[in-house]
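Here's the structure, in structure tokens; my notes come after.
The values are calculated or read from the model by the stated rules, or taken from the named source; none is laboratory data. Values in this document were obtained by computation on a predicted structure and should not be read as measured data. Here the Cβ positions follow ideal geometry from the backbone for every residue, glycine too, while neighbour counts run over all protein chains shown. Note: areas computed on protein heavy atoms with side chains; ligands, DNA, RNA excluded. Shrake-Rupley method; radii C 1.70, N 1.55, O 1.52, S 1.80 Å.
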Amino acid sequence: GRSVQLLLEVARAPRDRPLQRDRRLVVLGLREQVGRDDGRIGRLVFRYAWDDPSLEIVHVNDVCSCESASYLVQYDSVHGTWHHKVDQVDDASFTVDDKTVTFSQESDFTKVDWAGMGVDMVMECTGKFLKVKTLDPYFSECGVKRVVVSAPVKEPEALNVVLGCNHGLLKEEQKLVT
């Protein structure tokens, strides 16, 4: 729970001025590749972000089916059943409390129409993209303004935030944050 709260704190930063309600968010990696944590971080980010009034989840891109993704958001073997109602609509969307979240199953994230959905920020929870070079297409090709990665990107272009240590370094212009 604490690491997920930190990810959302990073998503909302900076705290020195009122938050804008128009931040549109995408969560990637509700279910990660075999050998990872079965996507628990992505699912928890989704759940926490859903209840944050400063963020709006508009899309999920994952390797699993929409049916699996919507089921995994609703039910978690450790954290239990989520208090919101999740229903799969079709292969390309599901609803949470009757609000539609679009879904894609695209392994190449540059093929997703982020700009067309008005996405400002991506929460990258797949654990696959840990180099600036592999994350740069979000900015250069997809038009995303900020990417928050759930795993450390150990390069100087990315700000690795540790709550209580260096979170004061986070600024609005910081595009890549872990």
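Among the residues of region 45-52, is there at least one that is open to solvent by 60 Å² or more (accessible area, probe 1.4 Å), part of a loop (DSSP other than H, G, I, E, B) and closer than 18 Å to V148 by Cβ?
yes
Here the condition is being small (G, A, S) and open to solvent by 40 Å² or more (accessible area, probe 1.4 Å); of S93, S104, S140, it holds for S140 alone.
Any residue that is open to solvent by less than 40 Å² (accessible area, probe 1.4 Å), among the β-branched types (V, I, T) and touching a His at 6+ places or on another chain (Cβ under 8 Å) - is there at least one of those in region 74-87?
Among the residues of region 74-87, not one is open to solvent by less than 40 Å² (accessible area, probe 1.4 Å), among the β-branched types (V, I, T) and touching a His at 6+ places or on another chain (Cβ under 8 Å), which makes the answer no.
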